[in-house]
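The values are calculated or read from the model by the stated rules, or taken from the named source; none is laboratory data. The shown structure was predicted, so the numbers you read here are calculated from the model rather than taken from an experiment. Every residue, glycine as well, gets a Cβ built from its backbone with ideal geometry; the counts of neighbours run over all protein chains shown.
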Amino acid sequence: MDLFEEAYHGTPPWDIGRAQREVMALEESGQITGDVLDVGCGTGENALFLAGRGHTVWGVDSAPSAIGIARKKAQDRGIAVTFLVHDTLDLHGIGRTFDTVIDSGLFHTLSDLERPRFVQSIAEILKSGGTYYMLAFSELEPAGYGPRRVTGEEIRAAFSDGWRINEIRAAVFESRTRADRTRAWLSSITRV
């Protein structure tokens with residue numbers, strides 16, 4: 001069984017029962033626009049929040065259990081979101097494009113070999129001029145908890161061709177197991 005699929009047979013630490021504050025702040029400040037794709041959506045809290053704010057939202061995740069939970073939440077809350085079990089390294093296969101892509105905790109789980117495929121996958125479904133927002137563990141977060149850390153330089157290198165880095169700023173990744181919250185980077189990256 002896949003690590004992430006197994007995690008959703010309980011409640012994983014990153015499933016906080018609501019949208020990440022960083023995602024809420026992006027939407028409330030008007031930075032999230034148009035149709036949105038939530039990559040690695042988990043149980044859908046960020047996607048459901050954005051749909052509740054009037055966006056057409058799709059969420060994709062490789063874990064069937066997570067998508068099942070997300071669909072039930074959408075039904076129970078009466079919020080329309082399209083949730084799909086799908087490989088985030090092959091987003092072209094979903095057959096449509098988006099104005100905004102959000103990523104709350106996916107990029108930092110990718111291997112060095114997967115990163116270029118993921119960036120290409122995002123480029124295939126993000127409209128020219130569209131923005132990708134990534135929340136990922138920062139190298140400033142002490143070792144010993146959670147996924148690998150990502151440096152600003154790694155983000156810049158991954159998105160060096162065909163992208164414009166608007167901002168990489170210090171942020172917080174919220175989890176159920178860290179009262180003091182986790183140091184992260186919030187990146188705003190536009191497809192040119």
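Worth a mention:
- Set side by side, the residues 103, 87, 112 differ, and just one is closer than 21 Å to residue 154 by Cα, surrounded by fewer than 19 Cβ atoms within 10 Å (Cβ to Cβ) and acidic (Asp, Glu), which is 112.
- Qualifying residue in region 34-42 (condition: farther than 19 Å from residue 190 by Cα, at pLDDT 95 or above and touching a helix residue (DSSP H, G or I) at 6+ places or on another chain (Cβ under 6 Å)): yes
- Just so you know, in region 9-38 the residues that are part of a loop (DSSP other than H, G, I, E, B) and of a type in the set (Val, Ile, Thr) include one that is nearest to residue 102 (Cα to Cα), and it is 32.
- Any hit, region 64-71, residues being assigned to a helix (DSSP H, G or I) and crowded, with 23+ Cβ neighbours inside 10 Å: yes
- Search result, residues across region 153-177 that are surrounded by 16 or more Cβ atoms within 10 Å (Cβ to Cβ) and not in a strand (DSSP E or B): 154, 155, 158, 159, 174, 175
- Per this entry, residue 74 is not counted among residues that are over 15 Å from the mean Cα position of the chain (by Cα), farther than 27 Å from residue 166 by Cβ, of a type in the set (Gly, Ala, Ser) and part of a loop (DSSP other than H, G, I, E, B).
- For region 178-188, taking the residues that are modelled with pLDDT of 80 or more and among the aliphatic types (A, V, I, L, M), the one that is surrounded by the fewest Cβ atoms within 10 Å (Cβ to Cβ) is identified as 186.
- Some residue of region 136-147 being modelled with pLDDT of 90 or more and either assigned to a strand (DSSP E or B) or surrounded by fewer than 20 Cβ atoms within 10 Å (Cβ to Cβ) (or both): yes
- Complete set of residues in region 48-62 that are in contact (Cβ under 8 Å) with a residue 40 or more places away in the chain and part of a helix (DSSP H, G or I): 50
- Looking only at region 79-131, and only at residues there that are outside any loop (DSSP other than H, G, I, E, B) and free of Cβ contacts under 8 Å to residues at least 12 places away in the same chain, the one that is nearest to the chain's Cα centre (by Cα): 120
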